[in-house]
1. Could you pull out which residues in region 79-96 have an amide N less than 16 Å from a spot 7 Å beyond the Cα of LEU121, following the Cα-Cβ vector?
2. If you place +1 on the Cβ of every Lys and Arg, -1 on the Cβ of every Asp and Glu, and leave all else neutral, what size is the dipole of region 28-121 about its Cα centre, to the nearest 20 Debye?
3. Using packing as a proxy for protection, rank 47-56, 81-90 so that the peptide with the highest average count of other Cβ atoms within 10 Å comes first.
4. So how far apart, in nm, are the two label points at LYS38 and ALA97 if each is 7 Å from Cα heading toward Cβ?
5. Among LEU79, ALA43, ILE96, which residue has its Cα furthest toward the positive end of the charge dipole of region 28-121, with +1 on Lys/Arg Cβ and -1 on Asp/Glu Cβ?
Amino acid sequence: MTTRYLMLFGCVCLGAVALAPTTVLASPTKQAEAVADKLHAPAEGSAEREAILDGLRRHWQASEGKRYRGRISFHVRYLKAHNSWVWVYADPRSSIATEGFPENSGFLLHSEAGRWEVMKLPPMDDNGDGAFNPSPADLKRISKMYPSVPTDIIPVEKRR
């Protein structure tokens, strides 16, 4: 009698595993890849966001003509990622109060071999209205320069 119950219990357990939805059994890596394939804003403190900001930090540390000695941190105002591309507005700050940074109008980063790098942008429109977002014409130039960039990451300035 005990053997029958053990066999029945074993069959029920195997049936439950076989009928479990695949999303429950998906690996964390597969779930992360699925998120990367969609427009998203990496959460504060996430490994993805930290890696992106490390790429931006390397850009500022290697700035031509200026060497920053302090620890660089960022006040992030906008960050959208999609398919290994990111658009970010982040104001850099140094741990040394006397170090200042020039104004910036956003950065395009691309993940190459697991490392985020700031990409060179084409000349951007100076529309004189204080807007930071690229114009529709800027978006066309960026798309021409980088055909694989998903344009949904770039906040385009709406024209009136």
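1. 79-81, 85-92
2. That gives a dipole near 200 debye.
3. Listed from highest to lowest mean packing, they are 81-90, 47-56.
4. Here the modelled spin labels are 4.5 nm apart.
5. Of LEU79, ALA43, ILE96, it is ILE96.
Bear in mind these aren't lab numbers, they're just calculated from the coordinates by the rules spelled out. Nothing here was measured: the structure is a model prediction, and the numbers come from that model. When we count neighbours, we look across all protein chains shown, and the Cβ atoms used for this are built from the backbone with ideal geometry, even at glycine.
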